[in-house]
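The values are calculated or read from the model by the stated rules, or taken from the named source; none is laboratory data. Note that this is a predicted model, so its numbers are computed, not measured. Heads up, the Cβs are rebuilt from the backbone with ideal geometry, glycines too, and the neighbour counts pull from every protein chain shown. What goes into the accessible areas is simple: the full protein's heavy atoms, side chains included, and nothing from ligands, DNA or RNA. Shrake-Rupley method; radii C 1.70, N 1.55, O 1.52, S 1.80 Å.
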Amino acid sequence: MHLLQNQDEAVRILRDTGALREGHFLYPNGLHSNEYLQVPLAMRYYQHARTLSVGLSRLLRANPEIRALIPELSVVAPATGGLPVAYGVCEALRANQVYWAEREDEREPLRFRQYLEPRPGEPVILVDDILRSGSKLTQMKKLLESRGANVIGLAVIIHQPTPKTQDFGSLPLYYLAKLDAMYYADVANCAMCAQGVPIEEVWV
Ligand SMILES: [Zn+2]
């Protein structure tokens, strides 16, 4: 199988599959940006999904503390977008299990499926396709910790920090590539709005 050599290659896969798009985008939280990323568009191609997941798993494996815990490690996704990443990472690492949280609608808190309980002290890698605001990953971390699990790292395909990205403190963060998009707080502060560039609203 193909192994990623560098961050540019991960970005190229995202561009080629239409997952990474350039333009003028309005996010649900009101920010304007010149870039939009929808990783599932890349993950629909199985070989690309595999290349990206294996690349991420190699970064995790390089941490000796994580490597030592692999046989008991859970790979947990906060939403369905993280699922192909979670399965790919779990397979590549030969970790113990994958699970995820979900909710009926955006106003509800995240929850696990009935009868799914992390065991006390269970080591967990939180996995998602992208770290942008980090709000879902933060909720997921709180949920896991409230059930006694031990979150030991965070792994995402792309880290795309925004002015509103939450801080995960000393938790190790792994990503294949970091994208520094331009963000504007609102219409009044947006360079593209000033130039009259048509804007596209994105869902997530
Ligand atoms: Zn704008």
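Any idea what % of Cα-Cα pairs in the range 75-204 are farther than 19 Å? Display every interim value, and only then the final one.
Details: 4524 of 8385 pairs.
Tail of P(r) above 19 Å: 54 percent of Cα pairs.
Going through the range 44-136, which chymotrypsin sites (Phe, Trp or Tyr not before Pro) have at most 15 other Cβ atoms within 10 Å and a DSSP loop state?
Answer by residue number: Tyr45, Tyr115.
Relative contact order (percent) for the range 46-204, with alpha-carbon contacts under 8 angstrom and 6 or more residues of separation?
Details: 265 pairs, mean separation 31.5, N = 159.
After rounding, I find 20 percent.
Restricting to Cα atoms and excluding each atom paired with itself, what does the Kirkwood estimate give for the range 92-145 in Å? Provide the component values of the computation, followed by the final result.
Working: mean 1/r = 0.0790 Å⁻¹.
It is 12.7 Å.
Angle between the Cα long axis of helix 135-146 and the longest principal axis of the chain, 0 to 90 degrees, nearest 10?
So the helix axis and the longest Cα principal axis differ by about 20 degrees.
At 1.4 Å probe size, with every protein chain present, just tell me what the per residue accessible area of the range 1-107 comes to in Å². Don't skip to the end; give the middle numbers.
On the way: 5370 Å² over 107 residues.
Solvent-accessible surface per residue comes out at 50 Å².
For the range 79-88, take each phi angle, set θ = phi - 60°, evaluate the Karplus expression 6.51 cos²θ - 1.76 cosθ + 1.60, and give the result in whole Hz per residue in order, putting x for glycine and proline.
Going residue by residue, I get 6, 5, x, x, 5, x, 5, 4, 5, x Hz, with x marking Gly and Pro.
Run the numbers on the range 130-204 and let me know its relative contact order in percent, using alpha-carbon pairs under 8 Å that are six or more apart. Write down the numbers at each step before the final one.
Working: 72 pairs, mean separation 21.2, N = 75.
Relative contact order here is 28 percent.
Which sequence of Met182, Met43, Met140 reflects their accessible areas, 1.4 Å probe, from the largest down?
The most accessible residue leads, giving Met182, Met43, Met140.
Restricting to DSSP loop positions (anything but H, G, I, E, B) with no more than 12 other Cβ atoms inside 10 Å of their own Cβ, which GluC sites (Glu not before Pro) remain in the range 105-204? Write down the numbers at each step before the final one.
On the way: sites: Glu106, Glu145, Glu200, Glu201; in loops: Glu106.
When the GluC sites (Glu not before Pro) of the range 105-204 are filtered for loop state and at most 12 Cβ neighbours within 10 Å, Glu106 remain.
Taking Cα atoms, how many degrees apart are the long axis of helix 7-16 and the longest axis of the chain, rounded to 10 and kept between 0 and 90?
Tilt of helix 7-16: around 60 degrees.
Rounded to whole Å, give me the distance from the Cα center of the range 130-191 to that of the range 67-85.
Value for the Cα centre distance between the two parts: 16 Å.
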